[in-house]
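**Student:** Handing you a structure now.
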Amino acid sequence: MASRGKHRRPRTSTLTRGIVAAGTGGAALALPLVGATGAHAAQPTHAAQAAQTAQAATAVVPQVSLVTYEVAGGDTLSKIAKAHTTGDWKKLYKANRAVIGDDPALIRPGLELTVGTKNADAPAGTAAAAETTTASAVTPATAKTYTDDLDGWIRESLDVMAQQGIPGTYDGIHRNIIRESSGNPQAMNNWDSNAVAGTPSKGLLQVIDPTFAAYHVSGTSLDPFDPVANITAACNYAAARYGSIDNVFGAY
């Protein structure tokens with residue numbers, strides 16, 4: 001990065017004064033003589049000051065470029081945020097609302113989302129060139145990762161639940177998922193009383209929309225088919241009604 005411009009006060013040399021005797025008849029009149037290096041001669045012009053200011057301003061303007069991600073099939077904002085940012089899907093949505101629209105759950109393959117920025121004027125391969133800032137920032141190297149399968153979804157949900165104080169165990173969640181959806185995150189019940197009422201059960205733990213909205217866990221996707229959002233909302237509901245998902249052994 002170019003060094004910052006510094007405004008420096010122009011140095012003025014000490015006034016050089018001499019004494020000139022001017023004849024005025026028979027008497028001599030002593031007059032001070034100001035040398036060419038005096039204060040008035042050293043003052044910079046307005047044009048020079050303006051140029052100096054412009055140069056200093058230009059020197060500190062960072063050159064950045066956007067880091068983007070193209071949405072693929074099966075993506076959710078929660079999944080993209082965890083893979084490409086600090087993990088906060090709400091910040092990711094806020095940064096891309098103009099592209100996504102009013103419903104963060106409705107992202108379609110092919111959408112190009114901005115996930116950050118990077119320094120564009122540093123030499124390639126340097127730390128500065130790879131530095132990314134947040135529209136959502138780059139995921140820290142130490143961030144925990146999960147497999148994109150039933151085991152990973154349950155483990156990620158358990159971590160979210162631990163942060164929110166929601167009880168439940170791996171075995172309790174797994175047992176109920178196998179009974180409710182056989183592990184299919186896109187499962188939907190179109191035949192029971194909930195479906196007849198217009199609110200079919202959805203996702204791994206077969207949650208209806210009103211229950212999902214009421215027990216949605218902050219920080220997870222607003223999509224009821226999102227595996228982690230579905231599990232955590234269901235466990236939050238089960239905790240409120242039964243004490244824990246571990247106490248559920250049938251339709252709930």
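**Student:** Just to be sure I understand the filter: pairs with C-beta atoms under 6 Å, separated by 6 or more residues or on different chains, first member in the stretch 181-199 and in contact (Cβ under 8 Å) with a residue 24 or more places away in the chain and in a helix (DSSP H, G or I), second member surrounded by 11 or more Cβ atoms within 10 Å (Cβ to Cβ) and among the hydrophobic types (A, V, I, L, M, F, W, C). Which pairs pass?
**Tutor:** Taking only residues 6 or more apart or on different chains, the pairs are Ser181/Ala187; Ser181/Leu204.
**Student:** Let me ask another. State whether one or more residues within the stretch 161-171 are touching a residue at least 12 places away in the same chain (Cβ under 8 Å), part of a helix (DSSP H, G or I) and within 22 Å of Gly74 (Cβ to Cβ).
**Tutor:** Among the residues of the stretch 161-171, not one is touching a residue at least 12 places away in the same chain (Cβ under 8 Å), part of a helix (DSSP H, G or I) and within 22 Å of Gly74 (Cβ to Cβ), which makes the answer no.
**Student:** Something else: In the list Ala120, Ala47, Ala98, which residue meets the criterion of being among the small types (Gly, Ala, Ser), out of contact with any Cys (no Cβ under 7 Å at 6 or more places or on another chain) and modelled with pLDDT of 65 or more?
**Tutor:** Numbers: Ala120 fails: modelled with pLDDT of 65 or more; Ala47 fails: modelled with pLDDT of 65 or more.
Only one candidate passes the filter, namely Ala98.
**Student:** Answer yes or no: is there a residue in the stretch 101-113 that is open to solvent by 30 Å² or more (accessible area, probe 1.4 Å), modelled with pLDDT of 85 or more and out of contact with any Gly (no Cβ under 9 Å at 6 or more places or on another chain).
**Tutor:** yes
**Student:** Within the bounds of the stretch 214-222, is there any residue that is assigned to a helix (DSSP H, G or I), under 27 Å from Asp88 (Cβ atoms) and either out of contact with any Phe, Trp or Tyr (no Cβ under 7 Å at 6 or more places or on another chain) or open to solvent by 40 Å² or more (accessible area, probe 1.4 Å) (or both)? Show your work before the answer.
**Tutor:** Step one: list which residues in the stretch 214-222 are assigned to a helix (DSSP H, G or I), which gives 214-215.
Add one more test, that the residue is under 27 Å from Asp88 (Cβ atoms), and what stays is 214-215.
Keeping just the survivors that are either out of contact with any Phe, Trp or Tyr (no Cβ under 7 Å at 6 or more places or on another chain) or open to solvent by 40 Å² or more (accessible area, probe 1.4 Å) (or both) gives 214-215.
Within the stretch 214-222 (the criterion being assigned to a helix (DSSP H, G or I), under 27 Å from Asp88 (Cβ atoms) and either out of contact with any Phe, Trp or Tyr (no Cβ under 7 Å at 6 or more places or on another chain) or open to solvent by 40 Å² or more (accessible area, probe 1.4 Å) (or both)), the answer is yes, since at least one residue qualifies.
**Student:** Do we find that Lys82 is modelled with pLDDT of 85 or more and closer than 23 Å to Glu156 by Cβ in this structure? Lay out the reasoning, then the answer.
**Tutor:** Working: modelled with pLDDT of 85 or more: yes; closer than 23 Å to Glu156 by Cβ: yes.
Yes.
**Student:** When you go through Phe225, Phe249 one by one, which is the residue that is among the aromatic types (Phe, Trp, Tyr), under 25 Å from the mean Cα position of the chain (by Cα) and surrounded by fewer than 24 Cβ atoms within 10 Å (Cβ to Cβ)? Spell out how you get there, then give the answer.
**Tutor:** Numbers: Phe249 fails: under 25 Å from the mean Cα position of the chain (by Cα).
Among Phe225, Phe249, only Phe225 is among the aromatic types (Phe, Trp, Tyr), under 25 Å from the mean Cα position of the chain (by Cα) and surrounded by fewer than 24 Cβ atoms within 10 Å (Cβ to Cβ).
**Student:** Only residues that are open to solvent by 70 Å² or more (accessible area, probe 1.4 Å) and not basic (Lys, Arg): list them for the stretch 69-83, please. Quick ask: steps written out before the conclusion?
**Tutor:** Initially, the stretch 69-83 is screened for residues open to solvent by 70 Å² or more (accessible area, probe 1.4 Å), giving 70, 79, 82.
Within the stretch 69-83, Glu70 is the sole residue that qualifies.
**Student:** I've got another one for you. Any chance the stretch 230-239 includes a residue that's surrounded by fewer than 19 Cβ atoms within 10 Å (Cβ to Cβ), over 23 Å from Ala81 (Cα atoms) and not charged (D, E, K, R)?
**Tutor:** First, pick out the residues of the stretch 230-239 that are surrounded by fewer than 19 Cβ atoms within 10 Å (Cβ to Cβ): none.
Checked against the condition, which is being surrounded by fewer than 19 Cβ atoms within 10 Å (Cβ to Cβ), over 23 Å from Ala81 (Cα atoms) and not charged (D, E, K, R), the stretch 230-239 yields no hits at all.
**Student:** Given the criterion open to solvent by less than 50 Å² (accessible area, probe 1.4 Å) and at pLDDT below 95, identify the matching residue among Ala197, Ala129, Ala141. Steps first, please.
**Tutor:** Numbers: Ala197 fails: open to solvent by less than 50 Å² (accessible area, probe 1.4 Å); Ala141 fails: open to solvent by less than 50 Å² (accessible area, probe 1.4 Å).
Exactly one of Ala197, Ala129, Ala141 is open to solvent by less than 50 Å² (accessible area, probe 1.4 Å) and at pLDDT below 95, namely Ala129.
**Student:** To continue, here is another question. Of everything in the stretch 171-194, what is farther than 12 Å from Asn230 by Cβ and open to solvent by 60 Å² or more (accessible area, probe 1.4 Å)? Give them in sequence order.
**Tutor:** Asp171, His174, Arg175, Ile178, Arg179, Ser182, Asn190, Trp191, Ser193
**Student:** Just the residues that are assigned to a helix (DSSP H, G or I) and free of Cβ contacts under 8 Å to residues at least 40 places away in the same chain, please, taken from the stretch 70-96. If you could, list the steps in order and put the result at the bottom.
**Tutor:** Taking the stretch 70-96 and keeping what is assigned to a helix (DSSP H, G or I), we get 77-84, 89-96.
Answer for the stretch 70-96, where residues must be assigned to a helix (DSSP H, G or I) and free of Cβ contacts under 8 Å to residues at least 40 places away in the same chain: Ile80, Tyr93, Lys94, Asn96.
**Student:** Being open to solvent by 40 Å² or more (accessible area, probe 1.4 Å), in contact with a helix residue (DSSP H, G or I) (Cβ under 7 Å, 6 or more places away or on another chain) and modelled with pLDDT under 95: is that true of Tyr146 here? Full working, then the answer.
**Tutor:** Values: open to solvent by 40 Å² or more (accessible area, probe 1.4 Å): yes; in contact with a helix residue (DSSP H, G or I) (Cβ under 7 Å, 6 or more places away or on another chain): yes; modelled with pLDDT under 95: yes.
Spelling it out, Tyr146 is indeed open to solvent by 40 Å² or more (accessible area, probe 1.4 Å), in contact with a helix residue (DSSP H, G or I) (Cβ under 7 Å, 6 or more places away or on another chain) and modelled with pLDDT under 95.
The values are calculated or read from the model by the stated rules, or taken from the named source; none is laboratory data. Computed from a predicted model, the values in this text were never measured in an experiment. With ideal geometry, Cβ positions are generated from the backbone for all residues, glycine too; neighbour counts draw on all protein chains shown. These accessible areas exclude ligands, DNA and RNA; they are computed on the full protein's heavy atoms, side chains included. Shrake-Rupley method; radii C 1.70, N 1.55, O 1.52, S 1.80 Å.
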